[in-house]
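Visitor: My questions will all concern the structure given below.
We did not get these values from a lab; they are worked out from the coordinates using the rules stated. Just so it is clear, the model here is predicted, and its values are computed rather than measured. FYI the Cβ positions are ideal-geometry reconstructions off the backbone, even for glycines, and counts take in every protein chain you see.
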Ligand SMILES: Nc1c(NC[C@H](O)[C@H](O)[C@H](O)CO)[nH]c(=O)[nH]c1=O
Ligand SMILES: CC(=O)[C@@H](O)COP(=O)(O)O
C-alpha cells in the first residue's frame, strides 16, 4: 500500500512569519489581511504570527532569509505586489524577488511561500487581493499550512 503524507493535520504549536512589502500598500495590506484570516481560520493564534514590513518586494528575500534562519518558524509567507510601470524596473524587481524567495526556501529548508503579485495593472492586483480573483494572501497562507504539515510529516 502506498504511503501518502498527511498535509491536513494542523499543529497549533506552529509559528509563522509573514514578510509584507509597503510598496503598493493598498494591495499588500489586503493580502496580509487574507493571510491572517487563513491562519486564524486554521487555528493559528495571533501570538504565533510575526509580521515584518519591508520597503518593497526587492527587500523580501533578505528578510525572509533572516526569519527562516532563526529556526522559530514552520514557514515564511512572502507577500508583495509588483505592478508594471513604464520602464524595465518591473522585470528587475520580479526577477529578484522570485529567485530570492525560491533560494531562501532551498537554502534554509524552511518553506518560503511566494505570495507576491506580479501584474500589469493596479486593477489586476486588487482583483487578486480580495477582489474578483480571490485573495492570493489567503492562498499563500493555506500553502504555508500545507507545507508546514508536509515538512513535519516527512521529518
Ligand atoms: N516598483 C515596485 C517596487 N520597487 C521598489 C523595490 O522593491 C525596492 O524597494 C527598491 O528598489 C529599494 O531597494 N517594489 C514593489 O514591491 N512593487 C513595485 O511595483
Ligand atoms: C514595478 C515598478 O517597477 C514600477 O513601480 C516602476 O515604474 P517605472 O518603470 O514606470 O519607473
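Visitor: Assuming 0.36 nm per residue, please report the length gained on full extension of the stretch residue 84 to residue 69 beyond their Cα-Cα distance.
Guide: This chain segment gains 2.2 nm when fully extended.
Visitor: What is the angle, in °, between the Cα long axis of helix 136-154 and the longest principal axis of the Cα atoms in the chain? Nearest 10 is fine, range 0 to 90.
Guide: Once rounded, one gets 30 degrees.
Visitor: Which percent, nearest 5, of DSSP beta bridges in the chain are antiparallel?
Guide: Of all bridge pairs located within the chain, approximately 10 percent are antiparallel.
Visitor: Provide 22, 132 in ascending order of the number of other Cβ atoms located within 10 Å of each residue's Cβ, fewest first. Display every interim value, and only then the final one.
Guide: On the way: 22 13, 132 8.
The order, fewest Cβ neighbours first, is 132, 22.
Visitor: I'd like the per residue volume of the convex hull spanned by the Cα atoms of segment 16-154, given in cubic angstrom.
Guide: On the way: hull volume 12.8 nm³, N = 139.
Hull volume over Cα atoms, normalised by residue count, gives 92 Å³.
Visitor: Can you give me the angle between helix 60-69 and the longest principal axis of the chain, using Cα atoms only, in degrees from 0 to 90, rounded to the nearest 10?
Guide: Taking the Cα atoms of the chain, the angle to 60-69 is about 20 degrees.
Visitor: For helix 89-108, what angle does its Cα long axis make with the longest principal axis of the chain, in degrees from 0 to 90 and rounded to 10?
Guide: 10 degrees
Visitor: Name the most mobile residue of 113, 49, 77, meaning the one with the largest mean-square fluctuation, in a Gaussian network model of the chain with Cα contacts below 10 Å.
Guide: Top of the fluctuation ranking is 49.
Visitor: Another question about this same structure. Which residue fluctuates most in the GNM of the chain (Cα springs below 10 Å): 118, 70, 98?
Guide: 70
Visitor: Ok, one more. Which value, in nm² and rounded to one decimal, describes the direction-averaged projected area of the C-alpha convex hull of segment 1-83? Intermediate results must be reported in sequence, preceding the final value.
Guide: Working: hull surface 27.6 nm².
Averaged projected hull area, Cα only: 6.9 nm².
Visitor: Counting alpha carbon pairs within less than 8 Å and at least 6 residues apart, what relative contact order, in whole percent, applies to segment 16-154?
Guide: 33 percent
Visitor: I want to verify a result. In a Gaussian network model of the chain, Cα cutoff 10 Å, which of these has the top mean-square fluctuation: 38, 46, 144?
Guide: Result: 46 has the largest fluctuation of those listed.
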